[in-house]
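Colleague: Quick one: structure below, then a few questions.
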Amino acid sequence: MRFFWLGVFGLLAMVANAQAITVAAAADLKFALAEIAANYEKKTGRKVIVSFGSSGNFARQIPQGAPFEIFMSADEEYIFRLAEQGLLRDDGHLYAIGRIALLAARGSSLAVDGELRGLAAALADGRLQRLAIANPQHAPYGRAARAALEHAGLWQALQGKLVVGENVAQAAQFALSGSAQGGIVAWSLVKAPELARLGVAVLIPASWHPPLRQRMALTRRAGSDASDFYAYLQQAAARAIFERYGFALPAR
């Protein structure tokens, strides 16, 4: 595994040397940030390379030398910890508040509702064999899924039936591919047309889990192009895309 990450870091270093902007982004941003980056590239001609994954994993990789210029975390605590270590320029900017949703593929036997009554019924009668979530150990959306299941009184009953994704995008893939009857995933992912046509999703009440306060920051290695893209992420055009993908926007 150590040699794998060295290879990844080496590849990213070559990309960075080619003057691309390198971004480590939480997996829930897969569709929203891809659209924002494409618009920015079209506007400026500057290349943006985004690596999507779990925020906790990125928070471990950055102190090990991962050559990212911007870190967009799904949990602001990771930003605060890295800032305390002197690895970021400052404690960053709150760019969005995320939400979670129950997702099932079209045609699934799982009835989808925000208060998880259908999930409880499917669990009770044996129809539910697998439920996908992101790994709560390092993925903020996995922790939110666990909190929601605990609120509904279902967490213990689901032990042995959870399919755990490395990140929330992988959990959504499991839920839609047949690896699970459904999943608790990021609302921002299921808002994307690519996923919306494959599944049905309903928001879970925000009060059922701690708020997903998503914060970003420039790392110490950020160059002027990265600083410009970071500023662009806070402008109206980018904020409108975040909002369209279901994120709540913090006040400026």
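Colleague: Pairs please, first residue from the stretch 81-99 and free of Cβ contacts under 8 Å to residues at least 12 places away in the same chain, second anywhere and of a type in the set (D, E, K, R), Cβ atoms under 9 Å, 6+ apart in sequence or on different chains.
Modeller: If the second residue must be of a type in the set (D, E, K, R), the pairs left are Glu84/Asp91.
Colleague: Those residues that are outside any helix (DSSP H, G or I) and among the hydrophobic types (A, V, I, L, M, F, W, C), I need them from the stretch 130-157; list them, please.
Modeller: Keep residues of the stretch 130-157 that are outside any helix (DSSP H, G or I), which gives 130-139, 152-155.
If the condition is that a residue be outside any helix (DSSP H, G or I) and among the hydrophobic types (A, V, I, L, M, F, W, C), then Leu131, Ala132, Ile133, Ala134, Ala139, Ala152, Leu154, Trp155 are the ones that fit.
Colleague: Name, by its number, the condition in (1) surrounded by fewer than 18 Cβ atoms within 10 Å (Cβ to Cβ); (2) assigned to a loop (DSSP other than H, G, I, E, B); (3) in contact (Cβ under 8 Å) with a residue 24 or more places away in the chain that does not hold for Gly160.
Modeller: Here Gly160 clears every test but (3).
Listed here are the residues, each with its yes/no results for (1) more than 30 Å from Leu87 (Cα to Cα); (2) of a type in the set (Lys, Arg).
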{"position": "Ser188", "(1), (2)": "no, no"}
{"position": "Ala196", "(1), (2)": "yes, no"}
{"position": "Ala201", "(1), (2)": "yes, no"}
{"position": "Ile204", "(1), (2)": "yes, no"}
{"position": "Pro211", "(1), (2)": "no, no"}
{"position": "Arg215", "(1), (2)": "no, yes"}
{"position": "Arg220", "(1), (2)": "no, yes"}
{"position": "Ser227", "(1), (2)": "no, no"}
{"position": "Tyr232", "(1), (2)": "no, no"}
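Colleague: Within the stretch 163-190, which residues are part of a helix (DSSP H, G or I) and closer than 20 Å to Asp125 by Cα? Full working, then the answer.
Modeller: First, pick out the residues of the stretch 163-190 that are part of a helix (DSSP H, G or I): 168-177, 187-190.
Residue satisfying the conditions is Ala175 alone.
Colleague: Please go through the stretch 6-25 and pick out each residue that is under 18 Å from Tyr232 (Cα atoms) and either of a type in the set (A, V, I, L, M) or modelled with pLDDT of 95 or more (or both). Let's see the steps before the verdict.
Modeller: We begin by selecting, within the stretch 6-25, every residue under 18 Å from Tyr232 (Cα atoms); these are 19-25.
Ala20, Ile21, Thr22, Val23, Ala24, Ala25, listed by residue number.
Colleague: Looking for whichever is buried (at least 18 other Cβ atoms within 10 Å of the Cβ) and modelled with pLDDT of 95 or more here; the options are Glu76, Glu84. Which one fits? Step through it out loud before you land on a result.
Modeller: Details: Glu84 fails: buried (at least 18 other Cβ atoms within 10 Å of the Cβ).
Every option except Glu76 fails the conditions.
Colleague: Here is a further query. Kindly list, by first and then second residue, each pair from a residue in the stretch 220-249 that is over 15 Å from Arg46 (Cβ atoms) to a residue that is assigned to a helix (DSSP H, G or I) and of a type in the set (Asp, Glu), limited to pairs with Cβ atoms under 6 Å and residues at least 6 apart or on different chains.
Modeller: Taking only residues 6 or more apart or on different chains, the pairs are Ile241/Glu35; Leu249/Glu243.
Colleague: Taking the stretch 214-252 only, how many residues are touching a Leu at 6+ places or on another chain (Cβ under 7 Å), part of a loop (DSSP other than H, G, I, E, B) and modelled with pLDDT of 95 or more?
Modeller: 1
Colleague: Going through the stretch 175-194 one residue at a time, which ones are surrounded by 18 or more Cβ atoms within 10 Å (Cβ to Cβ) and either at pLDDT below 95 or more than 15 Å from the chain's Cα centre (by Cα) (or both)?
Modeller: Ala175, Leu176, Ala180, Gln181, Gly182 - these are the residues of the stretch 175-194 that are surrounded by 18 or more Cβ atoms within 10 Å (Cβ to Cβ) and either at pLDDT below 95 or more than 15 Å from the chain's Cα centre (by Cα) (or both).
Colleague: Which residues, counting only those in the stretch 199-230, are buried (at least 19 other Cβ atoms within 10 Å of the Cβ), out of contact with any His (no Cβ under 8 Å at 6 or more places or on another chain) and aliphatic (A, V, I, L, M)?
Modeller: Across the stretch 199-230, the qualifying residues are Ala201, Ile204, Leu212, Leu218, Ala222, Ala226.
Colleague: Based on this model, can you work out whether Ala120 counts as in contact with a helix residue (DSSP H, G or I) (Cβ under 6 Å, 6 or more places away or on another chain), surrounded by fewer than 24 Cβ atoms within 10 Å (Cβ to Cβ), in contact (Cβ under 8 Å) with a residue 12 or more places away in the chain and farther than 27 Å from Leu249 by Cα? It would help to see each step written out before you state the result.
Modeller: Values: in contact with a helix residue (DSSP H, G or I) (Cβ under 6 Å, 6 or more places away or on another chain): no; surrounded by fewer than 24 Cβ atoms within 10 Å (Cβ to Cβ): yes; in contact (Cβ under 8 Å) with a residue 12 or more places away in the chain: yes; farther than 27 Å from Leu249 by Cα: yes.
The answer is no for Ala120.
The values are calculated or read from the model by the stated rules, or taken from the named source; none is laboratory data. Here the structure is a predicted model, which is why all the values come from computation and not from measurement. For neighbour counting, all protein chains shown are included, and Cβ atoms are generated from backbone atoms with ideal geometry for every residue, glycine included.
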